[in-house]
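What follows is a short report on a single structure.
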Amino acid sequence: MSRRPRREEIQENVNLCEYCSAKCCRYFALPIDTPKEPRDYDHMRWFLLHEHATVFVEEGEWFLLVHTDCNFLRKDNLCGIYEVRPNICRKYTTAKCEYEDHWVYEKYFETSEQVSEYAEVVLGSQGRQKSLRTAKPLTP
Ligand code: SF4
Ligand code: SF4
């Protein structure tokens, strides 16, 4: 199996995207307020109860990250609506993209339990969450 070339190995006149699996078209991320109070962490727990949702912190900024492919990403990893793609896609360039990123962040939360544990460490007993378990099993 051939390895993907490193960024610096690709000639200047060749588009980096040709060697990429369209990493930037497979998620969206939105900035969120830095959590301060128990209810902020409770909101984060709610985010992470949803499939493919995560939260990361980079340079002190908190983001909601949802791993989901764009509906217009083609099977060949090219944009299916290139001529009318949104501005955010137009402005994104290969100069600072995540071609070689490994999704490593200052902080990364994938489950609501991780958020609960973090809140408890940061806020002490104030951040302690009630158990996710119900008093009785839920019946369909
Ligand atoms: S801009 Fe970067 S991350 Fe996006 S498809 Fe091109 S090389 Fe991949
Ligand atoms: S609109 Fe095109 S460029 Fe933008 S995320 Fe979707 S596939 Fe990627």
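Here the chain has an Rg and Dmax of 19.4, 64 Å, counting Cα atoms alone.
What is the magnitude of the charge dipole of region 13-127 about its Cα centre, with +1 placed on the Cβ of each Lys and Arg, -1 on the Cβ of each Asp and Glu, and no other charges, expressed in debye to the nearest 20?
It works out to roughly 560 debye.
Using 0.36 nm per residue and subtracting the Cα-Cα separation, the extra length available between Tyr105 and Glu58 on full extension is 16.3 nm. What's the FRET efficiency of Ser125 with Cys79 using the Cβ-Cβ distance as r and R₀ = 41 Å, to the nearest 0.05? Efficiency, from the Cβ-Cβ distance: 0.25.
Can you pull out the GluC sites (Glu not before Pro) in region 6-46 that DSSP calls coil and that have at most 10 other Cβ atoms within 10 Å?
Qualifying residues, ordered by number: Glu12.
Placing a label point 7 Å from the Cα of Thr93 along the Cα-to-Cβ direction, the residues of region 17-49 whose backbone N falls under 15 Å of that point are 17.
Calculated [222 nm] ellipticity per residue, helices only, for the chain: -5500 deg cm²/dmol; basis is -39500 (n - 2.57) per DSSP H run with n ≥ 4, divided by all residues, nearest 500.
The slack in the chain from Asp69 to Glu37, taken as 0.36 nm per residue of separation less the alpha-carbon distance, amounts to 8.3 nm. Cβ-Cβ distance of Arg4 and Glu117, R₀ of 30 Å, FRET efficiency by 1/(1 + (r/R0)^6): the value works out to about 0.25.
No value in this document is a laboratory result; all are computed from the given coordinates. Every value quoted in this text rests on a predicted model; they were computed, and no experiment measured them. No Cβ is skipped: glycine too gets one built from the backbone with ideal geometry, and neighbour counts run over all protein chains shown.
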